[in-house]
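Working notes for the structure below.
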Amino acid sequence: MYDQLNRFEQIIFDVLSVVLVLFYSYAAVVQPASTQYHRGVYVIITYVLVFLLYKSKSTVMRVVDYILILLSIICIGYWILNFEAINYRTGAENTMDQTIAVVGVLIGIELARRVVGNAFVIIGTVMILYGVYGPYAPDLLAHPGETFPNLCTTIYYMSDGVFGIMANVLPPT
């Protein structure tokens, strides 16, 4: 896959890989990183590397890949820069928080599709639909449900979501 990248993309890939190693080496040996940096750096670099490696075939869709990289940087950067405020607003997220969360979840679904395949995406989509349309499920499976933006907010920001277990793969200390 790496060999299929153009020279510019290979340089970006190499630089980000080295930055990831240096960041975590520094955090492990010199100064542990706070949660938002530890998890945010891991997720943002991983997203960019995935979009570089699992690239679209056509030129037009390759432009979309770069747009998705930019949106990933914006969404994850927003979480990093607003970490404390988002935590204080838990349960009372504003429109910007919800918009970032929806875009972040959709980007995550696209990443999963590229890396794992459609089966994972179908299962995830069914679970999201169940989260939204739970009140309409049979009594045994019914639950109050949640709006799509609120569900995305939970998936994106909470400790069991995007910045939870997956992002804690590389321990901060």
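The values are calculated or read from the model by the stated rules, or taken from the named source; none is laboratory data. Predicted, not measured: the structure shown is a model, and the values here were computed from it. Using ideal geometry, Cβ is built from the backbone for each residue, glycine included, and neighbour counts are taken over all protein chains shown. Just so you know, the surface numbers come from the protein's heavy atoms only, side chains and all, with ligands and any DNA or RNA stripped out. Shrake-Rupley method; radii C 1.70, N 1.55, O 1.52, S 1.80 Å.
Here are a few things to note about the model shown:
- Three semi-axes of the equivalent ellipsoid, the chain, Cα gyration tensor, whole Å, largest first: 29, 22, 14
- Distance between the 7 Å Cα→Cβ label points at residue 119 and residue 159: 3.3 nm.
- Region 81-122: C-alpha pair distances exceeding 14 Å, %: 58
- Principal axis box of region 2-86, alpha-carbon based, largest edge first, Å: 42, 29, 15
- Per residue value of the accessible surface for region 26-86 (all protein chains in place, 1.4 Å probe), Å²: 51
- Here the 3J(HN,Hα) profile of region 15-27, calculated from phi with Karplus coefficients 6.51, -1.76 and 1.60 at θ = phi - 60°, is 4, 5, 5, 5, 4, 4, 5, 5, 4, 6, 5, 4, 5 Hz, Gly and Pro shown as x.
- In this calculation the C-beta distance from residue 106 to residue 57 is compared with R0 = 30 Å, giving a FRET efficiency of 0.90.
- Rotationally averaged projected area of region 59-161 (alpha carbon convex hull; nm²): 7.8
- With N the number of residues in region 1-47, Rg(Cα) / (2.2 N^0.38 Å) evaluates to 1.32.
- Taken over region 108-173, the convex hull of the Cα atoms encloses 106 Å³ per residue.
- The chain, dipole about Cα centre (Lys/Arg Cβ +1, Asp/Glu Cβ -1), debye to the nearest 20: 400
- Acute angle (nearest 10 degrees) that the helix 35-53 long axis makes with the longest principal axis of the chain, alpha-carbon atoms: 70
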